[in-house]
Every structure is written in C-alpha cells, then in structure tokens.
Amino acid sequence: MLENLPVLLLKKLVLLPYQEVRLELNADVSKKVVELSEKYYDSKLLVVCPNNSVEISPSASDLPNVGVLAKIKSRIELPNGNFRVIIDGLNRVNVREYWENNEDADILECTVKRLYIQKDITDEETALVRTLKTLITEYMKESPEASNAVTTTIGSINDLDMLTDIITNFLPFDFKKKVSYMNEFDYIIRANNLVKDINVELEVINIESKIDDEIRDSFAKEQRDYILRQKVSKLNKELGINVDKQSEVSEFNEKINALDLPLKTKDKLLDEVKKYSYTALNNPDSNVIRSYLDTVLSLPWNKYSKDESDLKKVKKALDKDHYGYEEAKQRILEFIAIKKNNGNLNGPIICLVGPPGTGKTTFGMSVSKSLNREFYKISVGGMSDASELTGHRRTYLGSSPGKIIQGLRKCGTSNPVILIDEVDKMLMDYHGDPSAVLLDILDPNQNSNFVDNYIEESFDLSKVLFILTANDIRDIPDALKDRLEIIEINSYTEEEKINIAKKYMIPLISTEYNLPKVKISDENLKYIIKGYTYESGVRDLERNLRKIGRNIIINELDIKSLTNELIDNILGSPIYNLNVKKINHVGNVSSLGVTPLGGIIVPFESILTSGKGVTIMGNIEDSVKESAMIAYNYISNMAKHYGIDQKQLNNNQILINALNYNIKKDGTSGGLAILTSMISLLLNIEIPQDVCFTGEITLHGDVCGVGGIKEKLIGAYNKNYHTVFMSIENKNDVERVPQEIKQNLNIIFVSNYEEIMESLFYKI
C-alpha cells in the first residue's frame with residue numbers, strides 16, 4: 001500500500017519501531033513538518049537519518065530508501081517558540097520517492113510502501129526468541145549499568161520482529177550500528193546479528209571485569225592508599241595548592257550539629273563526613289560524597305515561612321491578581337481559616353482543570369504571593385521517568401535529587417506553594433510511572449516521610465501546599481484523581497474577557513510600556529475578541545493588545561481613543577468573522593462538542609446518494625458511527641409516523657459528513673444532531689442556523705444525558721447560537737453554568753425525540 005508523508009530528518013538520533021522519543025524542535029523546517037503532519041496526514045510522518053549527516057540541508061539524493069513510519073502523540077509549543085513533541089515509531093517502510101513541498105521548498109515529502117511481513121512463527125524464529133531473551137537476561141546480570149526494566153518489557157513478547165527492535169533500542173550501540181539495524185527489513189537477519197553483537201558485548205564486560213579483579217588483587221589496600229596519597233600530595237605541591245581537608249570536615253560537622261535534624265539523619269550525615277575525611281581527594285567518591293553533603297545541608301530542614309493569616313488581605317490579594325476562580329479562592333480561604341483556628345492543617349491538594357489560557361498556572365503564583373509563601377513550578381507534561389520526581393540513586397554518574405527536593409532547596413522553606421503543571425500529559429514507559437509516584441508525594445498521610453532516592457532520608461512534605469493543573473480531566477489517572485480536589489475552570493465568555501482586559505491586561509501593559517492614556521472601549525475589545533481570537537482563554541487577546549501597544553510607541557501615534565480602523569491597520573484584516581451568515585441547506589445541523597481547549601461546534605451535513613443504509617465520514621471514532629446506525633434504525637421504525645417516504649429511505653443511501661476535520665470526533669453526544677440531520681434531509685425541512693444539539697439517542701428515541709455541558713454551552717454562546725436542545729437528564733448540569741450564559745440561551749430539555757419533532761419540525 002502506497003502512502004504520502006512529510007519527512008522529518010534526525011541527524012543524531014535513530015528512531016526504531018516500537019520506540020517513543022521526546023524531541024525539542026527549534027528549526028523552522030522541523031516545526032513546519034510537524035504542523036503539516038498534524039494538519040493533513042493524521043499526525044503521521046516519515047523519520048529518516050540522512051546518509052550524509054554533515055550536510056546542513058540534505059537533498060533527496062542524500063536520503064536513504066528506508067525509514068520509519070511514525071506518529072506524533074503530542075505537541076506542546078514552548079514559550080521560546082520551540083516545539084516539544086513525542087513521536088512514536090510504528091514500522092519500517094520502503095521509500096519510493098522524495099520531492100519538495102509545493103508551497104515550501106525546504107520541506108520534503110515522500111511516497112512510501114508499507115511492507116507487511118508474514119507472521120507465521122517458524123521453529124527458527126522460536127529458537128531465536130528464546131536465545132535473545134536468554135542473552136539479554138545474562139547481559140542484565142553482567143552489566144552494572146543496565147536497567148532490569150527491559151526484562152519486564154520483553155517478557156511477554158514472542159514476536160521476533162518487535163523483539164529485535166526493542167532490544168536494539170536498549171543496547172548501547174553507536175549511531176552507525178543502530179542505523180544498520182533500522183535499514184534491515186529482514187527480522188531474521190536482525191535477530192542473528194543481535195545474537196552476535198550481544199555476545200560481543202558480554203565478552204567485553206567479562207574482559208573489563210577480569211582486568212578490574214587483577215588490579216584489585218595486585219595491590220593491598222594499604223599500599224594502594226599510600227601510593228594514591230603520595231601522588232596527590234606531590235601534585236598539590238607542584239601546583240602550589242595547600243589543601244586543608246580537616247577544616248572542611250570541621251565545617252561540615254558544625255553545620256550538621258547546628259541543624260534541627262532527626263537523630264537518625266544526623267548520625268548518617270556524620271558517618272558520611274567521616275567517610276569523606278578518609279577518602280583521597282583524587283578518588284571519584286570524594287566529589288560524590290562532598291556533593292551529597294552540600295545538597296543535604298542546604299535543604300530547609302524544619303524551616304517554615306510565616307503564613308498571612310488575615311483572610312481579608314488574602315482575599316484582596318487573590319482578587320487583585322485573578323478574575324473569577326471563586327471556588328478555588330474559597331478553598332484557599334477555608335484552608336487559612338481552619339489552620340488559624342487549630343494551628344495545624346495539612347495543605348489541600350487542588351487540581352485546576354480547564355482549557356489553556358485561562359490562567360491556571362499563574363493562579364498558583366497568586367496564591368503563594370497572597371500567603372507570603374515561596375513558589376516553585378514543576379512541569380510534568382511529557383514526563384515518563386519517575387526518577388525526575390524521586391531523584392536518582394548516588395550509584396549513578398551525575399545523579400541528583402528529584403524535582404521536589406530541588407524545589408524545596410531553591411525555595412529555602414519547607415512550606416512553599418508547589419505547582420505541578422499538566423498532570424494529564426504524563427507518560428508511562430519502562431522508566432516508570434510518574435503518576436504513581438505522585439500518589440505518595442501528594443498523600444498527606446504518607447508525605448510527612450517522603451524519601452528521595454538521592455537524599456535517602458525522610459523529608460516532611462505535609463506542610464507544602466500543592467496545586468495541580470490539567471487541561472482534560474479524562475486523562476488524569478483514576479488513582480491520582482481520587483486524591484485531588486477537582487475545580488473546573490470554564491472557558492471565558494466574551495463579557496469576562498472584556499473585564500479581564502480592562503481590569504488586568506490593559507493596566508499591566510500600560511505600566512510596562514509606559515503608554516500614553518488611550519481610551520479602549522468595550523466595543524474595541526469586542527471587535528478584537530471576535531475578529532482576531534479563537535480561544536477559550538485570553539492569551540491571544542493579550543498578545544494582540546501588546547502588539548497594539550508596541551505599535552503606538554514605535555509609530556509615535558498621538559491618539560485619544562482606539563478605533564476599529566486603527567486596529568485593522570495594526571493587526572491586519574480580521575481573521576474571524578462570526579457575523580457572516582451561513583448558507584443553510586436541508587440536512588445541515590450543528591452539534592455541540594468539547595475538547596481540552598473548550599467547547600466547539602461540530603457541523604453535520606447529509607445528502608442522499610445511490611446505495612442503501614447510512615455512511616458517516618470525517619475524522620470520527622467508532623462511537624460516532626454507532627450513533628449514526630442507531631439514528632438510522634430509529635428513523636426506519638418511525639418513518640411512517642413522521643411522514644417519511646419509506647421507499648425513498650429504502651432505495652437510497654444517507655451520506656453524512658462530520659465537518660471540522662482537524663478535530664477527532666468521539667463519544668455519543670452527537671447522536672441527537674445526527675438524527676436531526678437525517679430527518680431534516682428526508683422531510684426536506686431546513687433547521688434554523690442558530691439551533692444546535694447535544695445528547696445521546698437510543699433505538700426508542702430516548703434522549704440521554706452527556707458530559708461537558710458547561711463548556712458546550714459556553715461554546716454555543718460564544719458562537720452566537722440561540723437555541724440548544726439537550727436531555728432533561730442534564731438539567732442539574734445547567735445549574736452550574738454562569739447566569740450570563742443561561743440568560744442568553746434558549747435551552748430546551750427533552751426526554752424523547754418526539755418532543756423535538758413537535759417543537760421544531762411540526763412548527764416549521
């Protein structure tokens with residue numbers, strides 16, 4: 001099967017099938033390739049290593065005819081403009097042709113052919129699988145630096161093709177060797193080569209071990225220590241260095257005795273100091289011990305900052321920095337009030353869930369400032385190595401404490417506000433599961449004795465105020481979610497964005513840029529919001545306001561008030577125009593959906609074509625297809641009742657298209673809109689363009705409740721829809737929707753589709 005793909009070049013890294021890599025892309029070409037892949041190729045691309053790695057911009061002739069078909073699992077745009085992406089290798093492909101992109105000559109595209117290998121397991125393959133597993137197990141025992149995680153990973157794998165790629169990625173092969181394995185399609189050849197190479201690695205390990213044993217046996221401990229000390233002494237003398245190690249040891253002892261440490265911890269540190277005093281300076285262990293002591297002694301053992309206890313001051317400070325967040329603010333005030341009352345309370349674990357740009361991250365900074373606490377942020381988006389949180393053991397070269405201990409060390413107190421950002425984007429692989437580690441870190445019943453792998457001593461985290469953020473609550477592991485106080489942050493309405501701009505953004509920008517007083521009316525702000533932003537938060541709004549401010553300064557504009565004409569001159573023509581009337585057709589119906597970015601509109605369109613039954617197209621999952629089948633069967637049963645031509649229904653195919661292709665449609669909430677689209681088509685009745693739907697439909701026409709109602713209604717309001725049909729089961733969910741939204745929407749609750757027919761079609 002032939003397939004066209006964009007090409008991503010990796011010059012220093014080899015991506016193999018069944019391998020996941022994290023990359024930070026700063027080259028414009030690479031970022032364009034990622035965007036092209038996500039927009040037109042379902043996030044798929046070809047990853048290749050150029051034959052000539054020295055060439056800065058390799059041509060098609062420098063590229064191999066073998067590559068790895070990969071898929072982009074996630075992409076995060078960093079503040080510096082770089083892309084942080086996670087790419088998953090799928091399988092090898094044969095490259096038939098490379099060519100330059102029509103719109104950008106720097107971007108290469110290609111045509112590839114997937115090669116499907118017969119998977120009938122032969123006796124030879126079975127023997128090779130057993131041999132490789134035996135060899136890799138032996139390698140794990142002999143290699144001191146190897147991780148045992150790989151044995152767990154390959155334990156249940158009997159597919160020789162997959163097994164060879166996983167083992168190749170694990171072994172410490174150089175770049176050229178890994179490229180040779182990537183370019184080999186025949187997994188039998190790869191397996192035989194691996195058997196040879198692993199045996200070579202085992203032989204090298206044995207030789208190194210033999211040499212170490214010979215060296216250790218050739219010198220007695222006293223002789224070795226004496227020779228080393230004499231060498232160090234002579235070297236220091238030649239260099240003119242006078243090292244008084246004893247004074248350093250005394251300083252360490254004074255610091256340890258001065259700290260308020262548990263007796264067990266104090267004894268361990270004193271032992272480490274003693275060990276350090278007997279270790280030669282040129283011994284690598286000397287620097288390891290010294291770094292350990294410096295790190296442990298710099299921690300804020302039993303050091304706490306004094307909290308602000310005046311509730312009115314805290315509330316005023318929170319309101320000054322952030323608009324909304326009433327539930328989160330109330331929870332912080334409750335925490336302060338109870339602590340003030342009994343003097344001791346473990347910090348709450350708040351998790352703010354909502355679309356990007358709504359200020360979740362900066363809220364943590366506001367909380368720390370209002371409480372007079374230090375602030376530290378830990379970003380766990382894309383994190384797959386649990387050791388980043390819990391630290392690396394001192395046996396590893398270059399080991400260090402985890403991010404939790406690093407944060408406490410930097411803050412200098414044991415009760416800071418620690419913000420753990422993007423907990424819904426953590427990953428799990430053979431390096432561990434960071435979400436499982438967070439269970440212990442966040443649990444107030446356990447974190448009073450938190451042990452970092454590097455420190456190896458318990459540290460009290462119970463006084464830390466943890467605040468977590470996430471975009472999508474569905475991606476937070478259930479075990480972790482159970483420990484959190486989930487507070488949902490809504491998309492901002494138009495009025496809220498205007499208030500945020502007037503109270504926070506404009507005064508801040510005016511102060512930073514020293515702008516002259518320019519009147520910016522609500523109409524100006526509404527014009528910018530509608531014409532130049534398409535977001536749940538306010539990041540784009542702030543960027544546009546800053547751009548206007550910079551242009552006023554650069555061009556030395558002498559204006560008293562901002563006009564829409566001036567906005568157009570600075571920002572260009574409006575990008576979005578919500579006032580454009582849509583061309584209405586029978587079968588065109590709008591459905592409400594929700595994404596991590598907020599509420600969206602998913603339009604459905606239907607036509608009759610030759611064939612039978614129903615077919616739905618677009619970027620959809622199986623649940624949407626099932627909703628279409630349920631709707632079709634309901635219509636078939638109710639055709640006579642609704643006045644639908646049964647002959648027309650039986651002799652034609654209903655073709656449905658789910659628009660907004662860039663967004664994958666999943667779930668059953670589109671069932672109500674799909675059914676309405678079909679009936680509109682079969683009855684030849686247009687649906688008003690300001691009407692939208694959300695709800696699951698059953699075979700009996702019952703309308704069932706769905707999730708994400710708050711975000712969906714905000715999305716409908718922002719897109720100028722006036723009427724929403726939904727299940728009566730969602731009536732309680734509507735109560736939590738801002739009053740401003742409910743007042744401007746005609747929400748019609750139904751329990752069965754008969755009610756929609758009476759309310760909509762029969763009236764028409």
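The values are calculated or read from the model by the stated rules, or taken from the named source; none is laboratory data. Quick caveat: nothing in here was measured; it's all calculated off a predicted structure. With ideal geometry, Cβ positions are generated from the backbone for all residues, glycine too; neighbour counts draw on all protein chains shown.
Quick look at the numbers
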read-out	value
Residue under evaluation THR358, criteria (1) within 22 Å of GLU485 (Cβ to Cβ); (2) of a type in the set (Val, Ile, Thr); (3) over 29 Å from the mean Cα position of the chain (by Cα); (4) in a loop (DSSP other than H, G, I, E, B), criterion not met	(3)
Search result, residues across the range 531-551 that are of a type in the set (D, E, K, R) and surrounded by fewer than 19 Cβ atoms within 10 Å (Cβ to Cβ)	ARG539, ASP540, ARG543, ARG546, LYS547, ARG550
Residue count for the range 282-312, restricted to those that are in a helix (DSSP H, G or I) and either surrounded by fewer than 14 Cβ atoms within 10 Å (Cβ to Cβ) or modelled with pLDDT under 80 (or both)	6
Filtered residues of the range 387-411 (kept if surrounded by 20 or more Cβ atoms within 10 Å (Cβ to Cβ) and of a type in the set (A, V, I, L, M, F, W, C))	LEU389, ILE404, ILE405, LEU408, CYS411
Complete set of residues in the range 412-455 that are closer than 25 Å to ASP475 by Cα and part of a strand (DSSP E or B)	VAL417, ILE418, LEU419, ILE420, ASP421, ASP429, GLY432
Residue match in the range 23-37 (condition: in a strand (DSSP E or B) and in contact with a Cys (Cβ under 8 Å, 6 or more places away or on another chain))	no
Total residues in the range 162-191, condition outside any loop (DSSP other than H, G, I, E, B) and either surrounded by 16 or more Cβ atoms within 10 Å (Cβ to Cβ) or in contact with a Gly (Cβ under 9 Å, 6 or more places away or on another chain) (or both)	16
Restricting the range 72-103 to residues that are outside any strand (DSSP E or B) and of a type outside the set (Gly, Ala, Ser), the residue that is surrounded by the fewest Cβ atoms within 10 Å (Cβ to Cβ)	PRO79
Selected residue (criterion: modelled with the lowest pLDDT) from residues of the range 730-764 that are among the charged types (D, E, K, R) and under 29 Å from ILE644 (Cα atoms)	LYS763
Some residue of the range 570-585 being at negative phi and outside any loop (DSSP other than H, G, I, E, B)	yes
Residue within the range 44-63 that is basic (Lys, Arg), at pLDDT 90 or above and within 25 Å of MET428 (Cα to Cα) present	yes
Long-range neighbours under 6 Å by Cβ, at least six apart or interchain, first residue among the hydroxyl-bearing types (Ser, Thr, Tyr) within the range 669-696, second buried (at least 22 other Cβ atoms within 10 Å of the Cβ) and part of a helix (DSSP H, G or I)	THR694/LYS712
Filter result (among the charged types (D, E, K, R) and modelled with pLDDT under 85) within the range 9-27	LYS11, LYS12
VAL7 in the same structural domain as GLU100 (by TED's automatic domain parsing), of a type in the set (A, V, I, L, M, F, W, C), in a loop (DSSP other than H, G, I, E, B) and touching a Cys at 6+ places or on another chain (Cβ under 8 Å)	no
Helices (runs of 4 or more DSSP H) wholly inside the range 643-733 containing at least 1 residues that are buried (at least 18 other Cβ atoms within 10 Å of the Cβ) and under 35 Å from the mean Cα position of the chain (by Cα)	671-683, 709-718
Within the range 489-533, helices (runs of 4 or more DSSP H) holding 3 or more residues that are without any contact (Cβ under 8 Å) to a residue 24 or more places away in the chain	506-513
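The rows are residues; the columns are (1) surrounded by 15 or more Cβ atoms within 10 Å (Cβ to Cβ); (2) modelled with pLDDT of 85 or more; (3) over 30 Å from the mean Cα position of the chain (by Cα); (4) in a helix (DSSP H, G or I).
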| site | (1), (2), (3), (4) |
| --- | --- |
| ALA105 | no, no, yes, no |
| GLU109 | yes, yes, no, no |
| ILE136 | yes, no, yes, yes |
| PRO144 | no, no, yes, no |
| SER147 | no, no, no, no |
| VAL150 | yes, no, no, yes |
